[in-house]
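**Q** Could you have a look at this structure, given as structure tokens, before my questions?
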Amino acid sequence: MTQTTPARHGTTPARAGHRAGYVVAVAVNAALLYVVNNLLAWDVLPFLTDEFAQVLPLLNFSLAATIVFNALYVIYDGRWFKSTSQIVLLGISMAVTVRLYRVFPFDFSAYAVDWALVTRSVLIVAMFGVGVAIVVELGKLIFGSAQD
């Protein structure tokens, strides 16, 4: 017969995996921060216009907030904290998506396909998806807090 002992306080393998994931998320978002701030200078996306600079401050804020919250998750990732921070991050994501839609820093006139319509449609679907995710996180926060 196998006996199990209660988990000791500290880092379990699953928790260590989560922490590693948070560290990876910090690194990936830091790399993205570097990339998006150099896209215009690198001139690697011919359809990206100079108006992208109007979206950049909000995009930088979004990536920086994601870095900060993932760094905080390494220390503490309780349900209530994660749901609350995810709602904040999703709100910022919604703002970035709306800003992209309004500014629309893309010029697809050189292409035969109507990529502007496709891109606008994707942005609308993304706004809807972020809205749904906010509602889901609110539900997790409200109903999950009873379990904490």
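**Q** Taking the chain as the reference, fit the longest principal axis to its C-alpha atoms, fit the long axis of helix 52-75 to the helix C-alpha atoms, and give the angle between the two in degrees, 0 to 90, nearest 10.
**A** 10 degrees
**Q** For the chain, what relative contact order do you get, as a whole percent, if you take Cα pairs closer than 8 Å and at least 6 residues apart?
**A** Rounded, it is 28 percent for the chain.
**Q** Still on this structure, please answer the following. Could you give the accessible area per residue of region 38-123, probe 1.4 Å, as a whole number in Å²?
**A** 57 Å²
**Q** Taking all pairs of different Cα atoms in region 18-148, averaging 1/r and flipping that mean, what Kirkwood radius in angstroms comes out?
**A** 16.4 Å
**Q** Now a separate question. Give me P(r) over region 29-78, computed from all C-alpha to C-alpha distances, binned every 5 Å, as integer percentages.
**A** All Cα pairs, binned at 5 Å, distribute as 5, 19, 24, 19, 13, 8, 6, 4, 1 percent.
**Q** State the percent of C-alpha pairs, over all pairs in region 99-143, separated by a distance greater than 12 angstrom.
**A** So the portion of pairs separated by more than 12 Å is 68 percent.
**Q** Taking 2.2 N^0.38 Å as the expected size of a compact globular protein, what ratio does the Cα radius of gyration of region 48-103 give against it, to two decimals?
**A** My calculation over the Cα atoms of region 48-103 gives 1.31.
The values are calculated or read from the model by the stated rules, or taken from the named source; none is laboratory data. Bear in mind the structure is a predicted one, so any value in this text is a computation, not a measurement. Keep in mind that these areas ignore ligands, DNA and RNA; they rest on the heavy atoms of the full protein, side chains included. Shrake-Rupley method; radii C 1.70, N 1.55, O 1.52, S 1.80 Å.
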